[in-house]
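Engineer: Handing you a structure now.
The values are calculated or read from the model by the stated rules, or taken from the named source; none is laboratory data. Note that the coordinates shown come from a computational prediction; the quantities given were computed from them, not determined experimentally. With ideal geometry, Cβ positions are generated from the backbone for all residues, glycine too; neighbour counts draw on all protein chains shown. Side chains included, ligands, DNA and RNA excluded: accessible areas come from the protein's heavy atoms. Shrake-Rupley method; radii C 1.70, N 1.55, O 1.52, S 1.80 Å.
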Amino acid sequence: MRRTFKYRAYPTPAQGEALHGQLSEACRLYNAALDERRSAWRMNGINLGYYDQANQLKEIRAAGAVGVANFSACQDVLRRVNKTFAAFFRRSNAGEKQPGYPRFRSRLRYDSLTYPSWGDGCALRPSGRLYLQGELKLKWHRPLPADAQIKTVTARREAGRWFVCFSVEMPEPEPLPVCDLAVGIDVGLTTFAVLSDGAEIANPRHYRAAERRLRIAQRKLARRKKRSRRRLKARQELARVQTHIGSQRRDFHHKRALALVRGYGLIAVEELNVKGLAGSILAKSVHDAGWGQFVSILSSKAACAGRTLVKVNPAGTTQRCSACGEHVPKTLAERLHNCPACGLVLGRDLNAARNVLRLAQGPGWGLQAPTVGVARAVA
């Protein structure tokens, strides 16, 4: 299986300038390749592919027209252009209204350079430094696994900071011990999630907590003169606040998902239309919760641990009684489930979580069967 390990890099000022220069040159190559494809089609009706452009690289580099130091990294830039067009044609053939024609990239928005062949322009020194535009100092907050085989290395720039991502090939992980416990999860906004056993996961609301810092950073950026050095610095400050919020949210999702995978053998979640919910009046809160990212991380961890993850249709899970199956209509403002048929009284989210679990274990109570089905997690 492939995994990626990300580490903070601390380049010297000279190395930082060299890395910035390499990204600028890669961006220039990307835009040139994109322009060549567009011009070839518009002027001559010729559809250029990756190999048509890659065959020109040797002559272009010999003429000194490309400043990217590594030949394989140049090839990776052309592969990105090819993937961009392939994705555009896929969306266009699928009938999407706005398939998104490939656009030119600004040097300020081209933030990564990949070395696709380990040992070709990149290597680890015995001192623990990475040879990449000189010997880069890395923060080894965790060691690379001894059985990991490094495949690619990517230097990435995020909000003025540098990171190095190692894509490695690893053997299949050992599954966790068998667990007979099952749980249904109902995600929400008041609390991040309610489990069918009554446990609740509080909603940290990282974005809401950082709104004051964001407001200050955004005002500072708006007051700076365009294309000035001070505006670039303010833009970087704003990006760091946004990056910090994303890191907090991702860390929260990883920790909660890991706890669920370790504690339960069967995990049932709702197959929500997060994109639709994100376009509603609750858009800010939905984006802040990050349900889609949480389910994606949970699915990945369940696969590695050998757990069973089931996605069910959420229709009717809130309106049905989890004890007798009676239809009990509620508005969004009603937070309590009170069944007139059996007398069950409990929170609406807990009632929904129990219904989600029932759906995962088998059809019943007048609800629809799982829409995605049971996928026995395989790494």
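Engineer: Residue check: is ALA234 touching a Leu at 6+ places or on another chain (Cβ under 7 Å), farther than 21 Å from ASP197 by Cα and free of Cβ contacts under 8 Å to residues at least 24 places away in the same chain?
Structural biologist: When the stated conditions are applied, ALA234 passes them.
Engineer: Report, by residue number, each residue of the stretch 157-199 that is free of Cβ contacts under 8 Å to residues at least 60 places away in the same chain and open to solvent by 70 Å² or more (accessible area, probe 1.4 Å).
Structural biologist: The answer is GLU174, PRO177, ASP197.
Engineer: Counting only residues that are surrounded by fewer than 19 Cβ atoms within 10 Å (Cβ to Cβ) and more than 19 Å from ASP251 (Cα to Cα), how many does the stretch 277-307 have?
Structural biologist: Final tally of qualifying residues: 8.
Engineer: Identify, from the list LEU176, LEU232, the residue that is among the aliphatic types (A, V, I, L, M) and in a helix (DSSP H, G or I).
Structural biologist: Exactly one residue qualifies, and that residue is LEU232.
Engineer: Go through the stretch 255-276 residue by residue and tally those that are closer than 14 Å to ALA193 by Cα, within 16 Å of the chain's Cα centre (by Cα) and either among the hydroxyl-bearing types (Ser, Thr, Tyr) or surrounded by 15 or more Cβ atoms within 10 Å (Cβ to Cβ) (or both).
Structural biologist: Final tally of qualifying residues: 1.
Engineer: Right, here's the next one. Among the residues of the stretch 47-73, write down those that are open to solvent by 40 Å² or more (accessible area, probe 1.4 Å) and assigned to a loop (DSSP other than H, G, I, E, B).
Structural biologist: ASN47, ASN55, GLN56, ALA63, GLY64, ALA65, ALA69
Engineer: Could you give every pair whose Cβ atoms fall below 8 Å, whose first residue belongs to the stretch 264-279 and is under 16 Å from PRO314 (Cβ atoms), and whose second residue is of a type in the set (Val, Ile, Thr) and open to solvent by 40 Å² or more (accessible area, probe 1.4 Å), counting only separations of at least 6 or pairs across chains?
Structural biologist: GLU271/THR371; GLU271/VAL372
Engineer: If ARG91 passes every condition in (1) more than 27 Å from VAL168 (Cβ to Cβ); (2) outside any helix (DSSP H, G or I) but one, which one does it miss?
Structural biologist: Just one mismatch for ARG91, condition (2).
Engineer: With ASP147, ASP76 as the choices, which residue is more than 17 Å from HIS20 (Cα to Cα), assigned to a loop (DSSP other than H, G, I, E, B) and of a type in the set (D, E, K, R)?
Structural biologist: ASP147 is the lone residue from the list that is more than 17 Å from HIS20 (Cα to Cα), assigned to a loop (DSSP other than H, G, I, E, B) and of a type in the set (D, E, K, R).
Engineer: Still on this structure, please answer the following. Can you confirm whether ASP52 is more than 19 Å from TYR115 (Cα to Cα), in contact (Cβ under 8 Å) with a residue 12 or more places away in the chain and out of contact with any Ser or Thr (no Cβ under 9 Å at 6 or more places or on another chain)?
Structural biologist: no
Engineer: What are the residues in the stretch 28-46 that are part of a helix (DSSP H, G or I) and over 34 Å from the mean Cα position of the chain (by Cα), if any?
Structural biologist: Hits for the stretch 28-46 are ALA40, ARG42, MET43, ASN44.
Engineer: Quick one: count up the residues across the stretch 103-117 that are open to solvent by less than 90 Å² (accessible area, probe 1.4 Å) and either among the aromatic types (Phe, Trp, Tyr) or not in a loop (DSSP other than H, G, I, E, B) (or both).
Structural biologist: 5
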